[in-house]
Amino acid sequence: MIRPPTDTEGAPAAPETPVLHAEGLSKAYGPITVLSGVTLDIRAGEVHAIIGENGAGKSTLMKLLSGHAVPTDGTMAMAGAPVAFADAVQAEDAGIVLVHQEILLAPDLTVAQNLFLGRELSRFFAVDDKRMNRRTAEVLARVGCTARPTTRVGDMPLAQRQLVQIARALLDDRKVVILDEPTAMLANDEVDALLGIVRSLRDQGVAVLYISHRLDEVEALADRVTVLRDGRMIGTWPAPELDQRRMAELMVGRELSMLYPPKRGLATAEPILTVEDLSVDHGKISGSFTARPGEVLGIGGMIGAGRTELIEGLMGLRPAQARAITLNGTTIAKPDVETMMSAGLVYLTEDRKGKGLLLDEGIGPNLTLQALGLVNPGLRLDRRKETRTVKSTVEEYDIRIPALSITAGQLSGGNQQKLLLAKVMLADPSVVIIDEPTRGIDIGNKSQIYRFIDDLVRAGKACVVISSELPELVGLSDRVLVMRGGRFVAELTGEEINEQNVVYAAASSGDDTEGRKRA
Amino acid sequence: MSSAETAARPESEGFKIRWADMAPFIALAVIVLLGALINSNFMAANNLMNVITRSAFIAIIGVGATFVIATGGLDLSIGSMMAFVVGIMIMAMNALAPHLGVWALPVGALVALVVGSLCGLMNGLIVTVGRIEPFIVTLGTMGIFRALITYMTDGGSLSIDRSLRSAYRPLYFGDFLGVPYPVIITAVIALLGAFILYRMKYGRRVTAVGSNADVARFSGVHVGRVRTMAFVIQGFCVAVAAICYVPRLGAATPTTGQLWELQVITAVVIGGTLLRGGKAHIWGTVAGALILEVIANVMVLSDMVSEYLVAAVQGAIIIIAMLAHRFTSAR
């Protein structure tokens, strides 16, 4: 069913030795093998994409290659000479650097101070700021970052911080740069800028290993594509031989059925949630909207348009005022979390690791945290009932866990997202607001999440989806509101819902794409 | 990390011993064994009971501290608060003694419980409503309580009325079926603490708040209320310890409870509760309190090390415990 790799193995030896060659790389944590037998070539001046579902072993592979983890089996060679890294520092010294998906910068230091953190330049025993700032400016220019070396990182928008992170990786000459989902936090125009930077790195002869969930990026960028599935290597292909659909099929190992469930059409029922003149962060962000039972209301816009802030204000998670909020017939004067939740509104944060799940806790405590009162009506915990609830929910939402004792942090992104969805659904809401429902999760889990959303809407609940992924917003929503600069600027229904209209409304004036000040 | 899962079905949980959780008990057993080897008097029933009784104060306050620390807080004021509550209680009992006779004792104890809880409430409210680091807040109230007890005793000592002494004395020195009352009270407090922490919704929320306050907030947990309540529990426990403490010396002085906060925090931490919050081990705390007291006792009994160095050994213990924890939990 799947063609054998047309590249590398068996072919006559490549004219040049690859910068980095991995042979039979495997990693096991205790009895659980997460990666087995990966053989990989990375050549100078190529963008080599690694794709695979969450749990396929991409992160593990990255960690092995960059010295963040030690393989249980297999060998690596750089330019033909065998290497083994005990830690990330050794890998960096050898010229391999991993740029993490999360932004790991000290917000109170300047760009230059962050770049040189731990390797400050000095002159006569004093820190040589002048030289560091100059070097920083050079590297920033290389990655197309417009920030000044003396800017405080905490004052910069997220996209710029991501560039600073890449700049830090490039401070010393690198042979291999591994980018782990560098665009996960970026809005569309910022993504384009980043892709340009990756191309220019490649043209400078750097080998770029690129991990992304966005297959369109991979198609646009990669020279070669390696597919992983269930911890195994499926193969490496020259990028022109694969289109997005083929990549998705190789990742999941089966033909893709329709990703998005059929739409339900415009809902006509009376609104279940009416928000009038909600004003958040002292009026910087404001808006009115309604949600009806049986519809998916999409909220589109650039990152920084204020979508998350508006909803957090509605939930009472940040200071907000409203002329009127009506939810399920209850009128709420000033939103606060408890009132909103008991009135039937729940919110799935976009930040599932920081605000959604207790990463060190098991499945049970995570699942029942929000609905603790519903699962346990008394003061005491009803452990038997809790276990029952957990087991049935894990099954219902297809959360794949080897044992109930596993912690939430050990789950893959897709399973974490399903756990988060199950958690808020346990509170028996009538309106569900989901912020970036599928950020950083693979295609198989995506389609499952879409089906869950469809199910809950068909069951008569209302669902509000905030999404920066245009195909998702367009594919899911029965109605779309577009935000720009903290205000709703457009409402799209029916045939009007397409990517062009959303982009046009979200970005038609250029002054508000600067991103949010605080992450 | 993200891929440590397979399609395997969730299997039912077998009984698994978690070595990290057992560590404080194993350490306690080892130290007791060493004590027995070093000095034969150590294992005398008399001596052992004495050691356990003396560890009661740290254990009782430690149960409260486990709550505060599990929510990600810290209470440095407990030692001074103990002295303050002792002072208030003695004053209340002395004032009531002429009117109520022996009944001044339970009423005074009640006053102590209320005052202790209020002190905790004050700490909690300043931390949560005022949004100030618990470290700073309780550093401040530590000074305030200490100054108040010094003021109340006028720098000397504040003794309990002679008429009450004989009735009160058994609470520390008496026993029920051979078990000293302080030990029984410790067991009751620890059982209560364990019940609240492991069997009640509030306990689940304590762990959630300490584990990640943002997650708790986004899940509709009233974080401030949970944190404040932990301080109230701490204050209540301090009052219980105060009630047990008075019959032992019969007076409050400016040095009552001095540096207890360090012993309590040591007991909690070597008991396995994470200082950054999110993991709480009530029974570990009790074991921690016992470890500290047993070490002191063994050192006094043995001639090898001067007993003036007890605090140094206890200080070394907390560092060793943390290092051991680091190495056993490292992946």
*asked:* Given the criterion away from chain A (no Cβ under 14 Å), free of Cβ contacts under 8 Å to residues at least 60 places away in the same chain and of a type in the set (F, W, Y), identify the matching residue among B:Y172, B:Y202, B:Y168, B:Y151.
replied: B:Y151
*Can you give me the ranges of the helices (runs of 4 or more DSSP H) entirely in segment A:18-116 with at least 1 residues that are away from chain B (no Cβ under 14 Å) and touching a residue at least 60 places away in the same chain (Cβ under 8 Å)?*
A:58-65, A:88-94
*Looking at segment A:53-88, which of the residues that are touching a Ser or Thr at 6+ places or on another chain (Cβ under 6 Å) and surrounded by 24 or more Cβ atoms within 10 Å (Cβ to Cβ) is farthest from A:G30 (Cα to Cα)?*
A:N54
*Considering only segment A:365-405, how many residues are closer than 16 Å to B:K201 by Cβ, within 7 Å of chain B (Cβ to nearest Cβ), in contact (Cβ under 8 Å) with a residue 24 or more places away in the chain and of a type in the set (S, T, N, Q)?*
1
*Under 9 Å between Cβ atoms, at least 6 apart or on separate chains: pull out the pairs that start in segment B:13-30 with a residue that is in a helix (DSSP H, G or I) and end on any residue that is among the polar types (S, T, N, Q) and modelled with pLDDT under 90.*
B:W19/B:T328; B:A20/B:T328; B:A20/B:S329; B:A23/B:T328
*Of the conditions (1) within 14 Å of another protein chain (Cβ to nearest Cβ); (2) touching a Phe, Trp or Tyr at 6+ places or on another chain (Cβ under 6 Å), A:Y450 fails just one. Which one is it?*
(1)
*Could you please let me know if A:E309 is more than 25 Å from A:G265 (Cβ to Cβ) and either within 13 Å of chain B (Cβ to nearest Cβ) or surrounded by fewer than 19 Cβ atoms within 10 Å (Cβ to Cβ) (or both)?*
no
*Count - residues of segment A:171-199 that are part of a helix (DSSP H, G or I), surrounded by 21 or more Cβ atoms within 10 Å (Cβ to Cβ) and in contact (Cβ under 8 Å) with a residue 60 or more places away in the chain*: 2
*asked:* Let me spell it out: the conditions are (1) within 22 Å of A:S342 (Cα to Cα); (2) within 11 Å of another protein chain (Cβ to nearest Cβ), and B:G224 meets all of them except one. Which number is the exception?
replied: (2)
*Complete set of residues in segment A:352-364 that are surrounded by fewer than 22 Cβ atoms within 10 Å (Cβ to Cβ) and facing chain B (nearest Cβ under 7 Å)*: A:G354, A:D360
*Among A:D108, A:D87, A:D128, which is out of contact with any Asp or Glu (no Cβ under 7 Å at 6 or more places or on another chain), in the same structural domain as A:L186 (by TED's automatic domain parsing) and not hydrophobic (A, V, I, L, M, F, W, C)?*
A:D87
*asked:* Step by step: first the residues of segment A:320-351, then only those that are within 14 Å of chain B (Cβ to nearest Cβ) and assigned to a loop (DSSP other than H, G, I, E, B), then the one that is surrounded by the fewest Cβ atoms within 10 Å (Cβ to Cβ). Which residue is that?
replied: A:D336
*Residue under evaluation B:V305, criteria (1) more than 22 Å from B:L48 (Cα to Cα); (2) part of a loop (DSSP other than H, G, I, E, B), criterion not met*: (1)
*asked:* With the condition being in contact with a Pro (Cβ under 7 Å, 6 or more places away or on another chain) and without any contact (Cβ under 8 Å) to a residue 24 or more places away in the chain, I'd like the strands (runs of 3 or more DSSP E) fully within segment A:208-297 carrying at least 1 qualifying residues.
replied: A:285-291
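The values are calculated or read from the model by the stated rules, or taken from the named source; none is laboratory data. Note that the structure is a prediction, hence the values are computed from the model and not measured. No Cβ is skipped: glycine too gets one built from the backbone with ideal geometry, and neighbour counts run over all protein chains shown.
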